[in-house]
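Asker: Take this structure first; my questions come after.
The values are calculated or read from the model by the stated rules, or taken from the named source; none is laboratory data. These figures come from a predicted structure and were not determined experimentally. Here the Cβ is made from the backbone with ideal geometry for all residues, glycine too, and neighbour counts use every protein chain on show. Side chains are part of the model used for accessible areas, which takes the heavy atoms of the whole protein and leaves out ligands, DNA and RNA. Shrake-Rupley method; radii C 1.70, N 1.55, O 1.52, S 1.80 Å.
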Amino acid sequence: MRKKIAITGGHSTPAIALIEEINLYTNWQIFYFGSKYSSLTKEKTKSFEFEAVKQFKNVQFIHLTTGKIIRTISPDLIINIFKIFLCFFESLSALKKIKPNLIVSFGGYISTPVIVAGWFLHIPSITHEQTPTIGLANKINSFFVKKIAISFPNTEGNLPQEKTILT
């Protein structure tokens, strides 16, 4: 049976690089969990990750609706919390259906509901922090993943050492 991998996260450039490597060296079935539309505009503009993933014929894009954790009290906070829970249930449903062997996250607010849903389903996962400063999503994800890949050695001290791998 063909292995399956779910990829998610806001840092889509390294995710695209991973997809290219998987396509070169394996025959895994690839699912990309992301938002079809950009959160930077009010219009329905296609997101960078949707456009980038579209070029791969063997990658199925799973659109998720999600919100961001806003650190101020406002009506948008309630809407965003609702969207985060919606994203969790969308992720849970899709992951149950797909049954991936692994989830790989590249941080960003869209990754956390996918990682947490995968944790509930006992799907092993990895998150990757590309920057020297750990983002909020990867801080949360670090509690639920098996391994945390980092790009900078000075990032290590801020994460559980037994899970952390310098890549």
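Asker: Over the Cα atoms of region 70-136, how large are the radius of gyration and the largest Cα-Cα distance (Dmax), in Å?
Answerer: 13.3, 39
Asker: Go through region 14-68 and name the trypsin sites (Lys or Arg not before Pro) that are in a DSSP coil and have 12 or fewer other Cβ atoms within 10 Å of their Cβ. Don't skip to the answer; put the middle values down first.
Answerer: On the way: sites: Lys36, Lys42, Lys44, Lys46, Lys54, Lys57, Lys68; in loops: Lys36, Lys42, Lys44, Lys57, Lys68.
Filter output for region 14-68: Lys42, Lys44, Lys57.
Asker: Then there's this: Using a basic spin-label model with each label point 7 Å from the Cα along Cα→Cβ, how many nm lie between Ile79 and Arg2?
Answerer: Simple spin-label model gives 3.9 nm for this pair.
Asker: Helix-derived [θ] at 222 nm for the chain: sum -39500 (n - 2.57) over DSSP H runs of at least 4, divide by residue count, nearest 500?
Answerer: Computed mean residue ellipticity for the chain: -11500 deg cm²/dmol.
Asker: For the pair Glu51 and Lys139, what calculated FRET efficiency results from E = 1/(1 + (r/R0)^6), where r is the Cβ-Cβ distance and R0 = 25 Å, to the nearest 0.05?
Answerer: Computed FRET efficiency for Lys139 and Glu51 comes out at 0.30.
Asker: Now, a different point. Considering only Cα-Cα distances, which of the following residue pairs are longer than 32 Å: Lys44/Lys163; Lys44/Lys147; Lys54/Lys99?
Answerer: On the way: Lys44/Lys163 38 Å; Lys44/Lys147 35 Å; Lys54/Lys99 22 Å.
Exceeds cut-off: Lys44/Lys163; Lys44/Lys147.
Asker: Pop out the carbon and sulfur fraction of the accessible area of the chain as a percent, whole number, probe 1.4 Å.
Answerer: So the carbon and sulfur contribution to the accessible surface is 62 percent.
Asker: Can I ask one more? To the nearest 20 debye, what is the magnitude of the charge dipole of region 59-167 about its Cα centre, counting +1 on the Cβ of each Lys and Arg and -1 on the Cβ of each Asp and Glu?
Answerer: With only Lys, Arg, Asp and Glu charged at Cβ, the dipole is about 260 debye.
Asker: So what's the projected area for region 1-74, the Cα convex hull averaged over all directions, in nm²?
Answerer: On the way: hull surface 24.5 nm².
Spelled out: convex hull of the Cα atoms, projected over all directions, averaged, 6.1 nm².
Asker: What percent antiparallel are the DSSP beta bridges of the chain, to the nearest 5?
Answerer: Around 5 percent antiparallel, to the nearest 5.
Asker: Counting only heavy atoms of the protein chains, get the accessible area per residue of the chain (1.4 Å probe) and round it to a whole Å² value.
Answerer: Values: 9590 Å² over 167 residues.
It amounts to 57 Å² per residue over the chain.
Asker: Sticking with this structure for a sec: Rg and Dmax of the chain, Cα atoms, in Å?
Answerer: When restricted to Cα atoms, the chain yields Rg and Dmax of 15.4, 49 Å.
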